[in-house]
Amino acid sequence: MAHILIVDDSPTEIGVLKKILVSQGHQTSTASNGEQGIQKTKELRPDLVIMDIVMPGLDGFQATRKITKNPETKSIPIILLTSKDMKSDRAWGLMTGAKEYLVKPVKTDQLLEAIKKVLG
C-alpha cells in the first residue's frame, strides 16, 4: 500500500487520519506544520501528502506550492484537507498544485476515494 505523509497542526486530526489510513493498510508519517511537511516530503518521498491549510507559520497553500514547484518533489501528489470551504479557497488550492481538495470533517469513504483517484 501507499506511504502517506499527513501534515496537520492538530494532533486529534492526525490521529483520526492515521486510524483511517492504517486500517486500509497504508503506512503513515506526520508533520505538524508546513515547513516540517516540506522537509519530510523531501526526506521520505511519500507516495502522497495530505495537507491541512490553516497552520502556524507556513500555511498549506504555501507548502503545497513549494512541494509542487520543487523538481525533487513535484511528482508527489497532494490532497488538501481543510476547514476552508469557500470556492475561492478550493480554486486557489488547486492552482497551487494540489490534486484534490477535501473539506473537514471528511467522510472516510470520501477520503479513500480521493486517495484512490490521486494514486491511480
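Does segment 88-105 contain any residue that is hydroxyl-bearing (Ser, Thr, Tyr), surrounded by fewer than 21 Cβ atoms within 10 Å (Cβ to Cβ) and either touching a Cys at 6+ places or on another chain (Cβ under 7 Å) or within 21 Å of SER23 (Cα to Cα) (or both)?
Looking through segment 88-105, none of the residues is hydroxyl-bearing (Ser, Thr, Tyr), surrounded by fewer than 21 Cβ atoms within 10 Å (Cβ to Cβ) and either touching a Cys at 6+ places or on another chain (Cβ under 7 Å) or within 21 Å of SER23 (Cα to Cα) (or both).
Let's see how each residue does on (1) more than 13 Å from LEU5 (Cα to Cα); (2) in contact with a helix residue (DSSP H, G or I) (Cβ under 9 Å, 6 or more places away or on another chain):
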residue	(1), (2)
THR41	no, yes
ASP47	no, yes
SER83	yes, no
THR96	yes, yes
ASP109	yes, no
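So MET51 passes all but one of these: (1) touching a Gly at 6+ places or on another chain (Cβ under 8 Å); (2) free of Cβ contacts under 8 Å to residues at least 40 places away in the same chain. Which condition number does it fail?
Looking at each condition in turn, MET51 falls short on (2).
Checking PRO56 against (1) surrounded by fewer than 18 Cβ atoms within 10 Å (Cβ to Cβ); (2) at pLDDT 95 or above; (3) closer than 12 Å to ASP9 by Cβ: exactly one of these is not met. Which one?
(2)
Here are some conditions: (1) part of a helix (DSSP H, G or I); (2) touching a Ser or Thr at 6+ places or on another chain (Cβ under 6 Å). ASP109 meets all but one. Which one does it not meet?
ASP109 satisfies every listed condition except (2).
Take the residues in segment 19-38 that are farther than 18 Å from ILE53 by Cα and touching a residue at least 12 places away in the same chain (Cβ under 8 Å); name whichever of them is surrounded by the most Cβ atoms within 10 Å (Cβ to Cβ).
Per the stated criteria, the residue is LEU21.
Scan segment 59-87 for residues that are of a type outside the set (Ser, Thr, Tyr), over 20 Å from ASP9 (Cβ atoms) and buried (at least 17 other Cβ atoms within 10 Å of the Cβ) and jot them down.
ILE76, PRO77
Within segment 1-58, how many residues are part of a loop (DSSP other than H, G, I, E, B), of a type in the set (Val, Ile, Thr) and within 16 Å of ILE76 (Cβ to Cβ)?
0
Restricting to segment 60-86, what's the tally of residues that are in contact (Cβ under 8 Å) with a residue 12 or more places away in the chain, within 14 Å of LEU48 (Cβ to Cβ) and assigned to a loop (DSSP other than H, G, I, E, B)? Walk me through how you get there before you give the answer.
Going residue by residue through segment 60-86, those that are in contact (Cβ under 8 Å) with a residue 12 or more places away in the chain are 60-70, 72-74, 76-85.
Narrowing the set further to residues that are within 14 Å of LEU48 (Cβ to Cβ) leaves 64, 67-68, 73-74, 76-81.
Restricting the remaining residues to those that are assigned to a loop (DSSP other than H, G, I, E, B) gives 73-74, 76-77.
So the answer is 4.
For the structure I just gave you, tell me whether ASP89 is charged (D, E, K, R), closer than 18 Å to MET55 by Cα and assigned to a loop (DSSP other than H, G, I, E, B).
Spelling it out, it is not the case that ASP89 is charged (D, E, K, R), closer than 18 Å to MET55 by Cα and assigned to a loop (DSSP other than H, G, I, E, B).
The values are calculated or read from the model by the stated rules, or taken from the named source; none is laboratory data. A quick note: this is a predicted structure, and the numbers were derived from the prediction, not measured. Reconstructed Cβ throughout: ideal geometry from the backbone, glycine too, with neighbour counts over all protein chains shown.
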